[in-house]
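J.: Mind looking over this structure? Questions follow.
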Amino acid sequence: MSFQLGAHVDQEDPLAEAADRGADLVQFFLGNPQDYKAPKLAYADGEEALRERAEAAGVALYVHAPYRLNVANTNNRIRIPSRKLLQQTLDKSAEIGVKGVIVHGGHVGDEDDPEAGFDNWRKCIERAELPVPLLIENTAGGENAMARQLERIERLWEAVQASGNDRLENVGFCLDTCHFHAAGEELPTIVEKVLAITGRIDLVHANGSRDEFGSGADRHSNFEQGHIDPADIVAVVKAAGAPVVVETPNADNGQKADLDYLRAHLT
């Protein structure tokens, strides 16, 4: 089986970044991931040029939604702007022909009933237009997170499926190895368990972890410098059979080294 392998890259010229890493795909932001401003493509030649050049180069494009998005939240001043920005991100991503938009599962407040967060996800998907796939990603920490542990992901998936959106086939799952490690979920069996819940894994974020198992900390490391056995990362990638984005640090060409590690061991 051949695997599509790529990395999270700077947004100014994702195709040059792909060529630098020998990547089949790239993931990038559309603007500042820490604010609610409308998405904006940084690629100087615009949406059509990026789409056409990516197709010609055989490079698949993925967009990561801003970190600030939290459609689960019970606070209207967070949830409503989050829904708006998520839709804007989906629409802008469709203009450049992306294969998927990745979004974190979000959380509710410590005193909130998590059921309110799951229902907010249901409402979000119910009203969303999905011109490209929306891939919900598991998260590392937070006691009231919607997608940290498997039991929460199961409840979230039930809520999403209950939305009645006529394009539910465009709602998928992104599995992050660092996040599951941080959440205290064992990687050797994680793919089987996720598939039992969602029936699909559309993308893998293959990351090492700077912190120990169950830490709740979202801090990625390069494969051979972290607390996850690199063999476990490879096993997840093999079992999932989905495209892979490496989101590890790129100092000293660390991402390229991690991609080379995967290439060497995915035989």
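J.: Scanning the stretch 99-125 for residues that are in a strand (DSSP E or B) and open to solvent by 20 Å² or more (accessible area, probe 1.4 Å), which turns out farthest from PHE180 (Cα to Cα)?
T.: HIS107
J.: Sticking with this structure for a sec: Determine which member of the set TYR36, TYR67 is of a type outside the set (Lys, Arg) and out of contact with any helix residue (DSSP H, G or I) (no Cβ under 8 Å at 6 or more places or on another chain).
T.: It is TYR67.
J.: Within the bounds of the stretch 24-33, is there any residue that is out of contact with any Gly (no Cβ under 6 Å at 6 or more places or on another chain) and either part of a helix (DSSP H, G or I) or charged (D, E, K, R) (or both)?
T.: no
J.: Answer yes or no as to whether LEU90 is under 25 Å from PRO243 (Cα atoms), part of a helix (DSSP H, G or I) and either among the polar types (S, T, N, Q) or modelled with pLDDT of 95 or more (or both).
T.: In short, yes.
J.: Here's something else I'd like to know. If the requirement is being at negative phi, among the hydrophobic types (A, V, I, L, M, F, W, C) and at pLDDT 95 or above, which of these qualifies: ALA251, ALA264?
T.: Of the residues listed, the single one that is at negative phi, among the hydrophobic types (A, V, I, L, M, F, W, C) and at pLDDT 95 or above is ALA264.
J.: Step by step: first the residues of the stretch 199-218, then only those that are on the phi > 0 side of the Ramachandran plot and touching a residue at least 12 places away in the same chain (Cβ under 8 Å), then the one that is surrounded by the fewest Cβ atoms within 10 Å (Cβ to Cβ). Which residue is that?
T.: The residue in question is GLY214.
J.: Can you pull out the residues in the stretch 126-137 that are open to solvent by less than 30 Å² (accessible area, probe 1.4 Å) and within 19 Å of ASN76 (Cβ to Cβ)?
T.: ALA128
J.: State all residues of the stretch 1-17 that are surrounded by 13 or more Cβ atoms within 10 Å (Cβ to Cβ) and either in contact with a Gly (Cβ under 7 Å, 6 or more places away or on another chain) or of a type in the set (D, E, K, R) (or both); if no residue qualifies, say none.
T.: Residues satisfying the conditions are ASP10, ASP13, GLU17.
J.: Tell me which of these ALA23 doesn't satisfy, since it passes every other one: (1) out of contact with any Leu (no Cβ under 7 Å at 6 or more places or on another chain); (2) within 25 Å of VAL204 (Cβ to Cβ).
T.: (1)
J.: Let me ask another. Filter the stretch 86-137 for residues that are closer than 20 Å to ALA42 by Cα, in contact with a Ser or Thr (Cβ under 9 Å, 6 or more places away or on another chain) and small (Gly, Ala, Ser) and give the result.
T.: GLY100
J.: Right, something else. Please go through the stretch 131-170 and give me each residue that is more than 16 Å from the chain's Cα centre (by Cα) and more than 24 Å from ALA182 (Cα to Cα), ordered by number.
T.: Result: PRO131, ALA159, VAL160, GLN161, ALA162, SER163, GLY164, ASN165, ASP166, ARG167, LEU168, GLU169.
J.: Within the stretch 71-87, is even one residue among the aliphatic types (A, V, I, L, M), open to solvent by less than 80 Å² (accessible area, probe 1.4 Å) and part of a loop (DSSP other than H, G, I, E, B)?
T.: Among the residues of the stretch 71-87, at least one is among the aliphatic types (A, V, I, L, M), open to solvent by less than 80 Å² (accessible area, probe 1.4 Å) and part of a loop (DSSP other than H, G, I, E, B), which makes the answer yes.
J.: I need every pair where a residue in the stretch 181-198 that is on the phi < 0 side of the Ramachandran plot and free of Cβ contacts under 8 Å to residues at least 40 places away in the same chain has its Cβ under 7 Å from the Cβ of a residue that is assigned to a helix (DSSP H, G or I) and open to solvent by 90 Å² or more (accessible area, probe 1.4 Å), sequence separation at least 6 or different chains.
T.: Nothing qualifies.
J.: Is there any pair linking a residue in the stretch 53-66 that is touching a residue at least 60 places away in the same chain (Cβ under 8 Å) and under 30 Å from GLY105 (Cβ atoms) to one that is among the small types (Gly, Ala, Ser) and assigned to a helix (DSSP H, G or I), with Cβ under 9 Å and at least six apart or on different chains, and which?
T.: So the pair list comes out as ALA60/ALA54; TYR62/SER93.
The values are calculated or read from the model by the stated rules, or taken from the named source; none is laboratory data. Not measured: the values here are computed from a predicted model. Please note: Cβ atoms are built from the backbone with ideal geometry, for glycine as well, and neighbour counts cover all protein chains shown. Note: areas computed on protein heavy atoms with side chains; ligands, DNA, RNA excluded. Shrake-Rupley method; radii C 1.70, N 1.55, O 1.52, S 1.80 Å.
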